[in-house]
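> What follows is a single structure, and I will ask about it in a moment.
The values are calculated or read from the model by the stated rules, or taken from the named source; none is laboratory data. Keep in mind it's a predicted model, so treat the numbers as computed, not measured. Using ideal geometry, Cβ is built from the backbone for each residue, glycine included, and neighbour counts are taken over all protein chains shown.
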Amino acid sequence: MRVPKFLVTLALAASMSTAALTVPVQAQGNLVNEALRAFNHKNYPQANKLIDQYLAKHPKDVQAQYAKAMILHRMGHFIKALQRLELVLKLSPKDHRAAGSYAAINQQAVYHLNQGRTEEAIALANKGVEIMPKWDQREFRVARAGCYFAQGTAYFERWCASNDPEDFRKAMEAWEQTRTLDPTSATQQLVNGINAFIGGNYTLAKKLFDEGLAVRSNNQYLQLWQSFANASVGETGPALNQLNALTALFHRNPLLHLYKGDLEKTTGDFNGAQEEYTTALELRPTDRRIHTALKVLFLCAGHLENGISHYEQLISQDPNNFNLHYQLASLIEEGGRTEAALEAYQKAASMSGITPLQSATAKMGRALIYLEEGKTAEGEACLTPDDLKVLAESKSPLASLYAAYTQKQLALREKACREALLYSGPDSIFVHRSAFKAWADTEMERKQYLKAMAFIYQVWQRTPATATKRIEALQDQFTLARQEAYKQLQAQMRRTGKAKDDGNKEATLKRMEHQLSLLQDLALGESGTLLFKVQGSTEASVDRLIPEELSSGLPILTSSTVSSSSWVNVVPDWQQ
């Protein structure tokens, strides 16, 4: 089972202790004592009012300033609390207590992620990194590591939704700082495990998370990543149990509901999956990962009409939401209703108030329908040069797909296909499907028919059974490739038959005759089989379509082997 690369994250960390606040005698007076009593009774507004009255007369009282920071923390004013701790450290340099509180308050960035508030989390994490003391003592280094970890987590979470390479870069840099500042076993295993997971090595990632939990068994962030790793290596039961336990603690965390839905989808519990996805969308309605997961669910469950009704209802409630219009158009397309999809994409592209990237993305949806059908002129007419520039500058995989169909040189088309297959965003299953289709067309032009058949098989595995028109086209293309491969093999047999006998002629002719028999019986299948795993995984089965006796070493072609084998010579700039 596979979770998409760069699959998704959020932190689950304990907030600060709720122990009663105490202040040394020298800072105490009537106002301070009253503030402390209010604090310990959780009357934070009253405690804040009283401590302010005291600080108006005693602004350099370190202990009272520290009390003010703790009160601000309890009131939810986290950045103000960090700024107050900065003042404490100016008044009392190397105050270890303040440094510990820095890290604890900064973990509220993680809390924001658990509530689905990514932008607030980024703002808080950045502030923590900015003002955290740079002293080299062990406790300060660990506290700073906590700030960087929260920062990396916040940016990675946003990257999962935006696919902005700048967010990914910032996340990786922050996590590397975490590892440098706090090279303890659990921290190392966590960061190393995340890197392995992002790279697609789920077995290694699971091993590293397991080792980290052996050191810090109660670390909920390690538990979360371990659940993702368990799901990725096929241990669905343990993964679902872990997510159930974590969801009980953080029931407003949209990504936990997303992952629970993914796992329930893999077990065939479509109703349970839809319920989890719906909850996730209520908590974070703009997250395209959730929309994509729900779209795949509707397709795999054969509930196309329910899916269309779902998005039409959402659009009636929020008619200016571009993402809803785009998802509806995409769902209609995946259901095989080409003309309706063209109209839906056009409607999305013509919406007022959308960004140039959104407009270009919707136009590209129209273009790819035409391009996949071989209607190059119609596809190119859908976009302007400015549209293509916007897509290229955003590093959208759609720019690569467009090049995969429109480049004149076959080598450039293949290069574009490989670039598209390296994309790992939430809708990568559909991007990869289109890339494999373009690559199949390229191999057909090269008269490499066995390779073309293998690519067509990859397209077929990612095509929903409801897309009758697309399935029929794939069947026709596969049949044509098989016929041409058959002719090539017959011609090769004739040449071999006319050649001088080198002692192997009879055996060679028998082998070719067997290959002809295999080719004649080879069939694509009756319907598409859109695959889904955790997060609507992009990977198809590694079952070999073309028998080994026929393929002469032809590799099993999936986006995984394409991105990790000698087939690859193109890596996006942001991955170098």
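> Quick one: would you say G212 is under 23 Å from R138 (Cα atoms) and surrounded by 22 or more Cβ atoms within 10 Å (Cβ to Cβ)?
Spelling it out, G212 is indeed under 23 Å from R138 (Cα atoms) and surrounded by 22 or more Cβ atoms within 10 Å (Cβ to Cβ).
> Another one. Quickly run through the stretch 271-322 and pick out the residues that are among the charged types (D, E, K, R) and either more than 28 Å from P356 (Cβ to Cβ) or over 22 Å from the mean Cα position of the chain (by Cα) (or both).
Hits for the stretch 271-322 are E275, E276, E282, E305, E312, D318.
> Give Y148, Y155 a once-over and let me know the one that is over 19 Å from the mean Cα position of the chain (by Cα), among the hydroxyl-bearing types (S, T, Y), surrounded by 18 or more Cβ atoms within 10 Å (Cβ to Cβ) and within 25 Å of F78 (Cα to Cα).
Result: Y148 is the single residue among Y148, Y155 that is over 19 Å from the mean Cα position of the chain (by Cα), among the hydroxyl-bearing types (S, T, Y), surrounded by 18 or more Cβ atoms within 10 Å (Cβ to Cβ) and within 25 Å of F78 (Cα to Cα).
> Tell me the residue from Q137, Q226, Q151, Q177 that is out of contact with any Gly (no Cβ under 6 Å at 6 or more places or on another chain) and closer than 24 Å to A248 by Cα, please.
Every option except Q226 fails the conditions.
> Out of (1) farther than 22 Å from P397 by Cα; (2) surrounded by fewer than 24 Cβ atoms within 10 Å (Cβ to Cβ); (3) of a type in the set (K, R), the odd one out for R288 is which?
(1)
> If E526 satisfies every condition in (1) loosely packed, with under 13 Cβ neighbours inside 10 Å; (2) under 30 Å from G268 (Cβ atoms); (3) in contact (Cβ under 8 Å) with a residue 12 or more places away in the chain but one, which is the exception?
So E526 meets the others, but not (3).
> Oh, and also: Assuming K80 fulfils every condition listed in (1) within 30 Å of H432 (Cα to Cα); (2) modelled with pLDDT of 50 or more apart from one, which condition is it?
Every listed condition holds for K80 apart from (1).
> Hey, among the residues in the stretch 416-445 that are in a helix (DSSP H, G or I) and touching a Lys or Arg at 6+ places or on another chain (Cβ under 7 Å), which one's farthest from I456 (Cα to Cα)?
I429
Matching residues to (1) in a loop (DSSP other than H, G, I, E, B); (2) under 27 Å from M351 (Cβ atoms):
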residue: H251; (1), (2): yes, no
residue: Y259; (1), (2): no, no
residue: K265; (1), (2): no, no
residue: A273; (1), (2): no, no
residue: T279; (1), (2): no, no
residue: P285; (1), (2): yes, yes
residue: E305; (1), (2): no, yes
residue: I308; (1), (2): no, yes
residue: L314; (1), (2): no, yes
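> Are there any pairs, at least 6 apart or on different chains, whose C-beta atoms fall under 9 Å, with the first in the stretch 474-496 and charged (D, E, K, R) and the second loosely packed, with under 15 Cβ neighbours inside 10 Å, and if so, which?
What qualifies is R482/Q520; R482/A523; E484/K447.
> Any residue at all in the stretch 62-74 that is of a type outside the set (D, E, K, R) and at pLDDT below 80?
yes
Residue by residue, here is whether (1) in contact with a His (Cβ under 6 Å, 6 or more places away or on another chain); (2) under 18 Å from T463 (Cα atoms); (3) at pLDDT below 85 holds:
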{"position": "N271", "(1), (2), (3)": "no, no, no"}
{"position": "L283", "(1), (2), (3)": "no, no, yes"}
{"position": "F298", "(1), (2), (3)": "no, yes, no"}
{"position": "N306", "(1), (2), (3)": "no, no, no"}
{"position": "H310", "(1), (2), (3)": "no, no, no"}
{"position": "Q313", "(1), (2), (3)": "no, no, no"}
{"position": "I332", "(1), (2), (3)": "no, yes, no"}
{"position": "Q346", "(1), (2), (3)": "no, no, no"}
{"position": "P356", "(1), (2), (3)": "no, no, no"}
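> Going by the structure shown, is L450 under 30 Å from Y486 (Cβ atoms), of a type in the set (A, V, I, L, M, F, W, C) and free of Cβ contacts under 8 Å to residues at least 40 places away in the same chain?
Here the answer is no, as L450 does not meet what is asked.
> Note down all Cβ pairs under 6 Å where the first residue falls in the stretch 399-415 and is in contact (Cβ under 8 Å) with a residue 40 or more places away in the chain, the second is buried (at least 20 other Cβ atoms within 10 Å of the Cβ) and not in a helix (DSSP H, G or I), and they're at least six residues apart or on different chains.
Note: no pairs meet the criteria.
Here is a yes/no grid of residues against (1) assigned to a helix (DSSP H, G or I); (2) buried (at least 19 other Cβ atoms within 10 Å of the Cβ):
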residue: F39; (1), (2): yes, yes
residue: Q46; (1), (2): yes, no
residue: I51; (1), (2): yes, yes
residue: A56; (1), (2): yes, no
residue: K60; (1), (2): no, no
residue: Y66; (1), (2): yes, yes
residue: M70; (1), (2): yes, yes
residue: H73; (1), (2): yes, yes
residue: K80; (1), (2): yes, no
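> Return yes when A377 is over 16 Å from A467 (Cα atoms), among the small types (G, A, S) and buried (at least 20 other Cβ atoms within 10 Å of the Cβ) and no when it is not.
So A377 fails the test.
> Could we say that K447 is of a type in the set (D, E, K, R) and surrounded by 24 or more Cβ atoms within 10 Å (Cβ to Cβ) here?
Considered against the rule, which asks whether it is of a type in the set (D, E, K, R) and surrounded by 24 or more Cβ atoms within 10 Å (Cβ to Cβ), K447 comes out as no.
> Also, I was wondering about something else. Can you say whether T292 is in a helix (DSSP H, G or I), out of contact with any Cys (no Cβ under 7 Å at 6 or more places or on another chain), within 26 Å of R117 (Cα to Cα) and in contact (Cβ under 8 Å) with a residue 24 or more places away in the chain, as far as the supplied structure shows?
Yes: the conditions hold for T292.
> Taking the stretch 95-136 on its own, how many of its residues are modelled with pLDDT of 70 or more and in contact with a His (Cβ under 8 Å, 6 or more places away or on another chain)?
4
> What is the residue count in the stretch 401-427 for residues that are over 21 Å from R366 (Cα atoms) and aliphatic (A, V, I, L, M)?
Selection size over the stretch 401-427: 4.
> Would you pick out the residues in the stretch 196-243 that are among the basic types (K, R) and more than 20 Å from L256 (Cα to Cα)?
K207, R216
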